[in-house]
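The values are calculated or read from the model by the stated rules, or taken from the named source; none is laboratory data. Small disclaimer: the values here were computed from a predicted structure and weren't measured. Note: ideal-geometry Cβ built from the backbone for every residue, glycine included; neighbour counts use all protein chains shown.
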Amino acid sequence: MKYNKLIPLLLLVTAFVLSACSSGANQPADNGKINVVATTGQLGDALTNIGGDAINLTQLLGPGIDPHLYVPTESNLSTFANADLIVYNGLHLEAQMLRALEQMEQRGVVVVEVGSAIPADQLISDTSAGGTYDPHIWNSAPRWSMGLQAVTSALQQLDPDNAEVYQQNSERYFAEIAATDAYIREQLEKVPADIRIMITAHDAFAYYADEYGLEVRGLQGISTESEASTADVQELAAFIAENKLPAIFVESSVPVRTIESVKEASRALGHEVSIGGELYSDALAEEGHPAATYLGMMRHNIDTFVAAMTSSN
Ligand SMILES: [Zn+2]
């Protein structure tokens with residue numbers, strides 16, 4: 001074993017020893033319910049709906065936290081170690097957690113990867129993040145439902161006394177997801193077919209594009225600091241001008257400067273493009289915002305897109 005692989009392992013072992021002798025605030029309540037840990041906000045929201053009052057739920061990643069980069073803390077590891085069930089998105093989304101999740105599985109914790117519950121022919125190939133498939137599966141409502149079936153099954157197997165509760169909760173939640181899916185398709189009809197093009201920050205919307213029939217282009221990788229990226233800005237601006245796109249979209253992670261440079265380059269070509277608003281992709285919004293739940297986020301994104309693309313300025 002290489003030295004650089006040994007250190008994280010030692011940290012893990014240390015964390016377990018610490019967790020064994022502490023009774024910190026991250027210890028779940030001993031109320032007879034199963035302890036479930038979800039990584040992302042989308043999964044935390046799904047488990048709130050499917051598990052309801054029958055489970056103790058801990059959600060690891062809060063609003064605005066990037067799941068691609070997040071490294072679990074010692075406190076997170078101890079939360080993992082106390083779980084009966086860990087639900088993660090997978091397909092390499094939580095890239096920095098994989099080692100810890102593997103160790104938990106070896107310790108007997110039930111670990112469910114939602115992404116692997118979706119048939120491979122429904123997944124989009126993408127190796128850029130180090131995996132085989134694009135991990136942003138929640139952006140297709142039907143595929144997200146498919147993946148979440150594995151969560152319902154895992155809850156029912158772990159806690160058969162509440163199997164019927166999980167069944168009913170799931171049926172209700174999956175019906176709400178289906179209604180949101182229908183809403184997205186219906187709203188999108190309002191945008192002329194030739195401008196169903198979403199220019200946004202990072203490449204989180206490939207499933208969205210595939211499911212709902214739009215084209216997406218990412219601003220990611222465009223930084224105004226290098227010469228190569230100036231060419232990228234020009235190319236994107238030319239595309240925007242050529243297609244007469246009224247709006248482009250931001251995610252909080254993109255520097256305003258980048259967006260401004262695209263706007264300016266487009267203006268130089270004689271086309272005025274506006275900032276259509278903020279889309280939510282990898283993390284849900286803060287509590288109180290309409291995009292604080294998965295279904296709210298899906299509605300917010302389509303409403304934001306349609307409003308900007310159909311506005312006559
Ligand atoms: Zn992402």
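Would you call Pro255 modelled with pLDDT under 95, under 26 Å from Pro135 (Cα atoms) and touching a His at 6+ places or on another chain (Cβ under 7 Å)? Spell out the reasoning first.
Working: modelled with pLDDT under 95: yes; under 26 Å from Pro135 (Cα atoms): yes; touching a His at 6+ places or on another chain (Cβ under 7 Å): no.
Here the answer is no, as Pro255 does not meet what is asked.
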*segment 274-311, residues that are part of a loop (DSSP other than H, G, I, E, B) and hydrophobic (A, V, I, L, M, F, W, C)*: Leu279, Ala283, Leu284, Ala285
_Residues that are buried (at least 19 other Cβ atoms within 10 Å of the Cβ) and either within 16 Å of the ligand (Cβ to nearest atom) or of a type in the set (Asp, Glu) (or both), drawn from segment 182-198_ = Met198
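Would you mind stating whether Val273 is aliphatic (A, V, I, L, M), surrounded by 15 or more Cβ atoms within 10 Å (Cβ to Cβ), closer than 22 Å to His300 by Cβ and modelled with pLDDT of 90 or more?
Considered against the rule, which asks whether it is aliphatic (A, V, I, L, M), surrounded by 15 or more Cβ atoms within 10 Å (Cβ to Cβ), closer than 22 Å to His300 by Cβ and modelled with pLDDT of 90 or more, Val273 comes out as yes.
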*Could you check, for segment 153-173, whether at least one of its residues is in contact with a Phe, Trp or Tyr (Cβ under 7 Å, 6 or more places away or on another chain) and not in a strand (DSSP E or B)?*
yes
*Name every residue in segment 90-123 that is of a type outside the set (D, E, K, R), modelled with pLDDT of 95 or more, on the phi < 0 side of the Ramachandran plot and outside any helix (DSSP H, G or I), in order of residue number.*
Val109, Val110, Val111, Val112, Ile118, Pro119, Leu123
*So how many residues does segment 55-101 have that are in contact with a strand residue (DSSP E or B) (Cβ under 8 Å, 6 or more places away or on another chain), farther than 24 Å from Ala291 by Cβ and among the acidic types (Asp, Glu)?*
1
*Among the residues of segment 126-144, write down those that are more than 14 Å from Tyr208 (Cα to Cα) and either more than 15 Å from the ligand (Cβ to nearest atom) or surrounded by fewer than 16 Cβ atoms within 10 Å (Cβ to Cβ) (or both).*
Thr127, Ser128, Gly130, Thr132
*Would segment 99-118 turn up any residue that is away from the ligand (no atom under 16 Å from the Cβ), in contact with a Ser or Thr (Cβ under 6 Å, 6 or more places away or on another chain), among the hydroxyl-bearing types (Ser, Thr, Tyr) and assigned by TED's automatic domain parsing to the domain that holds His136?*
no
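Being within 22 Å of Tyr294 (Cα to Cα), part of a loop (DSSP other than H, G, I, E, B) and out of contact with any strand residue (DSSP E or B) (no Cβ under 7 Å at 6 or more places or on another chain) is the filter here, so list the residues in segment 124-147 that pass it.
At the first step, the residues of segment 124-147 found to be within 22 Å of Tyr294 (Cα to Cα) are 124, 133-147.
Filter once more, so that each one left must be part of a loop (DSSP other than H, G, I, E, B): 124, 134-136, 140.
Scanning segment 124-147 gives Asp134, Pro135, His136, Ser140.
Given the criterion in contact with a helix residue (DSSP H, G or I) (Cβ under 6 Å, 6 or more places away or on another chain), without any contact (Cβ under 8 Å) to a residue 40 or more places away in the chain and either part of a helix (DSSP H, G or I) or within 28 Å of Glu94 (Cα to Cα) (or both), identify the matching residue among Ala182, Ala178, Ala150. Working first, answer last.
Numbers: Ala182 fails: in contact with a helix residue (DSSP H, G or I) (Cβ under 6 Å, 6 or more places away or on another chain); Ala178 fails: in contact with a helix residue (DSSP H, G or I) (Cβ under 6 Å, 6 or more places away or on another chain).
Every option except Ala150 fails the conditions.
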*Check segment 159-167 and report whether any residue there is among the aliphatic types (A, V, I, L, M) and away from the ligand (no atom under 16 Å from the Cβ).*
yes
_Identity of the residue in segment 199-220, among the small types (Gly, Ala, Ser) and either in a helix (DSSP H, G or I) or surrounded by fewer than 17 Cβ atoms within 10 Å (Cβ to Cβ) (or both), that ends up farthest from the ligand (Cβ to nearest atom)_ = Gly213
*Six or more apart or on different chains, Cβ under 6 Å: which pairs go from a residue in segment 285-313 that's not assigned by TED's automatic domain parsing to the domain that holds Ile199 and buried (at least 19 other Cβ atoms within 10 Å of the Cβ) to one that's in a loop (DSSP other than H, G, I, E, B) and of a type in the set (Phe, Trp, Tyr)? Could you list them?*
none
